[in-house]
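Note sheet for the following structure.
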Amino acid sequence: MNDSYIGILVDGFVYRGIKHGYSTFERVSYYEQASKQYGVIPCFFRLRDVTLESNQVQALVKGANGRYKLTTIPIPSVIHNRSLFFHKQSKGKLLSLQDAGITVFNGWNRYGKMTVHEILMGNEELHPHLPETRRASLENLKEMMNRHNELIIKPNSSSLGAGIIMVERVDDRVWAVNHKQEKKLFTNELPLILRKKAANKHYLIQQRIPLAKYQGRPFDLRVSVQKNGLGEWQVSGIVCKVAKLGKYVTNVAKGGTCKSLRDLLNGCPSMNYDKVYTQIEAFSLKVVKELEGRFPSLADVGLDIGLTEDGFPMFIECNGRDLRITFGKASLMEEWKATHTTPISYARYLLDSKTAEE
C-alpha cells in the first residue's frame, strides 16, 4: 500500500489540542497507529483551513521530530468529518468538496431527532423498538399524557442531555414535572415550564422508555456503529451510561458514569450477556442501514439505545458525531481504539476504490 493522506476534519477545540501536543476527545495516537497499519498518513484540519480554489489545505501533519506542524498539502481525496457544523455556509463548502470529487464521509452529521424517528418508522420491523414520538404542542402533550404514564420532552436537536424534562404520573389525578433537579406536582393546570416546552416547535414529546436499572439507577447504551475496511457496517463497541443516583438522564455531562455492558449485566440476573449483545448488534445494524438510505455519507455514528428490564433494545437517538471518550471513561480501551481504527480502515477502502476507478 502506498502512503496517502487521509484528512480528519476536526473542530477548533480538538485542533488546538493537537497543535499544542495533547489530545482530549480524539485520541491522536490511535489514529496514528491505525494509519500506520493501513498505509496512510493522517492530517488534521478545520473546514476553514480548506481552500477550494487552489485545491490546498493548511493541515497539521506530524513531522520527523514527532510534533505536529502546519503543512500546506493538496486536499486529501478522502476526509473523515469529526466536527459539527451549524451554518449553511459550512454545508455549502462540504457540498463543494464533494462536487470537486473529494469523498467526505459523515459530512453533514446533524440530524433532527424527529427526522430520524420518521425514517425509522418507515421500517415496520423497527416499530417495536421505537417509543412513540410526536412534535411538541399542547395538544400532543395532552394526548400523550392520556396514553403514557411517563414522558420525556427534549429538544429536536441538542446533545449532552441539555434541555430535557420528564413528566410522570404520580396517581390518577396528580402528575409531576422534573426539571433542573426540581420536582413540581400538578393536577389540571400545566406548570409554566411545561407549557413553554410543549409550545416550542423545536421540541419533541416522547414516551419514556422503562429503562433497566443498575443498583437502582437507570442506564442506557452508547453503541458505536461504523463502516470498516470492507465497506460494511460493524459494531465497534458498546458502553453503558448509568444515571447519577436520583436522576433520569444518563449523560456523562449530567453526572452519569460509564461502565462495560458485561459488568452491568452481571448485576442484572434476568439478562443473558450473549443474548442481549446479539440483540443489540442486530438492531443497531438495522437502524444504520435504514438511515443510510437517507444519509448516504453516513459511516460513523453513536446510537443511544435503552434496554427494558428483560433486555429488549429500544431506540433513543442517533449521534452523528459520537464523542467516543465514553469508552475511555469505562476503561474499554480496546473498544475505544477500535472506534478510531475502523474509520481509518474505511478511509483506506474508499481510497482504494477511487484508485480502482481511475
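Just a few scattered comments:
- Of the listed requirements (1) outside any loop (DSSP other than H, G, I, E, B); (2) open to solvent by 30 Å² or more (accessible area, probe 1.4 Å); (3) in contact with a His (Cβ under 9 Å, 6 or more places away or on another chain), Glu139 misses just one: (3).
- Hits in segment 29-42 - residues which are touching a residue at least 40 places away in the same chain (Cβ under 8 Å) and in a helix (DSSP H, G or I): Tyr30, Tyr31, Gln33, Ala34, Ser35, Gln37, Tyr38
Every residue, every condition in (1) buried (at least 18 other Cβ atoms within 10 Å of the Cβ); (2) not hydrophobic (A, V, I, L, M, F, W, C), yes or no:
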position	(1), (2)
Ser54	no, yes
Leu60	yes, no
Ile75	yes, no
Ser83	yes, yes
Leu97	yes, no
Ile119	yes, no
Leu151	yes, no
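- Restricting Lys259, Lys289 to residues that are within 19 Å of the chain's Cα centre (by Cα), surrounded by 15 or more Cβ atoms within 10 Å (Cβ to Cβ) and of a type in the set (D, E, K, R) narrows the list to Lys259.
- For the criterion of being open to solvent by less than 10 Å² (accessible area, probe 1.4 Å), within 18 Å of Ile316 (Cβ to Cβ) and not acidic (Asp, Glu), Leu221 passes.
- Criterion (modelled with pLDDT of 90 or more and surrounded by 13 or more Cβ atoms within 10 Å (Cβ to Cβ)) met by exactly one of Arg147, Arg169: Arg169
- Segment 62-73 - residue that is over 24 Å from Ser345 (Cβ atoms) and aliphatic (A, V, I, L, M) and, of those, least open to solvent (accessible area, probe 1.4 Å): Leu70
- The one condition in (1) in a loop (DSSP other than H, G, I, E, B); (2) out of contact with any helix residue (DSSP H, G or I) (no Cβ under 6 Å at 6 or more places or on another chain) that Phe13 fails to fulfil: (1)
- For the criterion of being in contact with a Lys or Arg (Cβ under 6 Å, 6 or more places away or on another chain) and under 23 Å from Arg110 (Cβ atoms), Tyr38 fails.
- Scope segment 179-205; condition open to solvent by 20 Å² or more (accessible area, probe 1.4 Å) and either part of a strand (DSSP E or B) or farther than 16 Å from Gly163 by Cβ (or both); matching residues: His179, Glu182, Lys183, Lys184, Leu185, Thr187, Asn188, Glu189, Leu190, Tyr203
- Test: residue in segment 220-236 that is more than 26 Å from Gly112 (Cα to Cα) and modelled with pLDDT of 85 or more: yes
- Of residues in segment 118-127 being assigned to a helix (DSSP H, G or I) and touching a residue at least 40 places away in the same chain (Cβ under 8 Å), the one farthest from the chain's Cα centre (by Cα): Glu125
- Checking each residue in segment 1-27 for being without any contact (Cβ under 8 Å) to a residue 12 or more places away in the chain and of a type outside the set (Phe, Trp, Tyr) picks out Arg16, Gly17, His20, Ser23.
- Taken over segment 85-95, the criterion of being open to solvent by less than 70 Å² (accessible area, probe 1.4 Å) and either in contact with a Pro (Cβ under 8 Å, 6 or more places away or on another chain) or not hydrophobic (A, V, I, L, M, F, W, C) (or both) is satisfied by Ser90, Gly92, Lys93.
- Evaluation of Glu281 against the conditions (1) of a type in the set (Asp, Glu); (2) open to solvent by 60 Å² or more (accessible area, probe 1.4 Å); (3) over 22 Å from Pro131 (Cα atoms); (4) in contact (Cβ under 8 Å) with a residue 12 or more places away in the chain shows that the sole unmet condition is (3).
- Checking each residue in segment 102-117 for being surrounded by fewer than 17 Cβ atoms within 10 Å (Cβ to Cβ) and outside any loop (DSSP other than H, G, I, E, B) picks out only Thr115.
- Trp175 being under 27 Å from Leu285 (Cα atoms) and either open to solvent by 70 Å² or more (accessible area, probe 1.4 Å) or of a type in the set (Phe, Trp, Tyr) (or both): no
The values are calculated or read from the model by the stated rules, or taken from the named source; none is laboratory data. Everything quoted here is computed from the prediction, not taken from an experiment. Glycine gets a Cβ as well: all are built from the backbone with ideal geometry, and neighbour counts include every protein chain shown. The area values use the complete protein model at the heavy-atom level, side chains included, leaving out ligands, DNA and RNA. Shrake-Rupley method; radii C 1.70, N 1.55, O 1.52, S 1.80 Å.
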